[in-house]
1. Residues in the stretch 73-108 that are hydroxyl-bearing (Ser, Thr, Tyr) and more than 20 Å from Pro36 (Cβ to Cβ): how many?
2. Whether any residue in the stretch 16-29 is in contact (Cβ under 8 Å) with a residue 24 or more places away in the chain, part of a helix (DSSP H, G or I) and surrounded by 15 or more Cβ atoms within 10 Å (Cβ to Cβ) is what I want to check.
3. For the subset of the stretch 42-63 comprising residues that are among the hydrophobic types (A, V, I, L, M, F, W, C) and in a helix (DSSP H, G or I), which member is modelled with the lowest pLDDT?
4. Residue pairs, Cβ under 6 Å, 6 or more apart or interchain, first in the stretch 193-216 and crowded, with 16+ Cβ neighbours inside 10 Å and at pLDDT below 95, second of a type in the set (Ser, Thr, Tyr) and not in a helix (DSSP H, G or I). List them.
5. Just the residues that are of a type in the set (Val, Ile, Thr), under 15 Å from Ser29 (Cα atoms) and surrounded by 15 or more Cβ atoms within 10 Å (Cβ to Cβ), please, taken from the stretch 72-104.
6. Of the conditions (1) touching a strand residue (DSSP E or B) at 6+ places or on another chain (Cβ under 9 Å); (2) not in a helix (DSSP H, G or I), Glu101 satisfies every one except a single condition; which number is it?
7. Would you please name the residue that is nearest to the chain's Cα centre (by Cα), looking only at residues in the stretch 141-190 that are aromatic (Phe, Trp, Tyr) and in a helix (DSSP H, G or I)?
8. Looking only at residues that are touching a strand residue (DSSP E or B) at 6+ places or on another chain (Cβ under 9 Å) and part of a loop (DSSP other than H, G, I, E, B) in the stretch 105-140, which one is surrounded by the fewest Cβ atoms within 10 Å (Cβ to Cβ)?
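The values are calculated or read from the model by the stated rules, or taken from the named source; none is laboratory data. Just so it is clear, the model here is predicted, and its values are computed rather than measured. Ideal geometry is used to build each Cβ from the backbone, glycine not excepted, and the neighbour counts take in all protein chains shown.
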Amino acid sequence: MFEKLSLKIAGNNYQPVPNSFFRQQSETSYLCIVLPGYGPPLINPLLQYTSQLFLDRNADVLQIEYEYFKIDFFKKPEAERKQILSADVTAACRSVFAQREYTQIVLVGKSLGTLAMCHLLPDDRFRKASCVWLTPLLTNAGLRSCIEQYSPRSLFVIGTADNYYNPDYLDEVCKSTGGKSVVIEGADHGLAISGEVVQSLKALTRIVTAIGKFVP
């Protein structure tokens, strides 16, 4: 059993970082941090099922809900975007690490969330973390450089109709991490297959199953 809380997180310019913290009532040293993409995170079924997967394994789960879609995030200069993202996710992790002593950590990032993961990996607490990269922004050289530098234990999930998909780049990050990949034929950046509802649901099942096999 777990309870749903909201942590007090002072992020960029001391602005609150919206979040949902699911805390197990029993003792645990297992933590999953979920970093969503640009859109509203709570309506993303993949992130919700993934969160439930970890809750079922007695992990605490922190879902960041930075809600950048409300502030025209991508109209800001790149340097400012990086500063905001880094400040928010760093503050969020500082708050969650104050809850318990965690020895087993999983980072789950979707799209923009994969960039957020790169702001966390330099922290010693994440050196042994397992990383699930959902629709990673593979065309971003900075992201690939970060993955190569820190080489975390990794699972990459992406669709062939995603504008950020590049098979050579995917092969590159898999080799640099010794990681595994799940490639969904015809899936877009939302991991949906256009005009194929049933196939999209099958893809969702495949992805959650792969995550379940990847993590303890």
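1. The qualifying residues number 2.
2. no
3. Among residues in the stretch 42-63 that are among the hydrophobic types (A, V, I, L, M, F, W, C) and in a helix (DSSP H, G or I), the one modelled with the lowest pLDDT is Leu42.
4. Val215/Ser130
5. Within the stretch 72-104, the first condition is being of a type in the set (Val, Ile, Thr), and the residues that meet it are 84, 89-90, 96, 103.
Applying the additional criterion that residues be under 15 Å from Ser29 (Cα atoms) yields 96, 103.
The one that is of a type in the set (Val, Ile, Thr), under 15 Å from Ser29 (Cα atoms) and surrounded by 15 or more Cβ atoms within 10 Å (Cβ to Cβ): Val96.
6. With respect to (1) touching a strand residue (DSSP E or B) at 6+ places or on another chain (Cβ under 9 Å); (2) not in a helix (DSSP H, G or I), Glu101 is out only on (1).
7. Tyr150
8. So the residue we want is Lys128.
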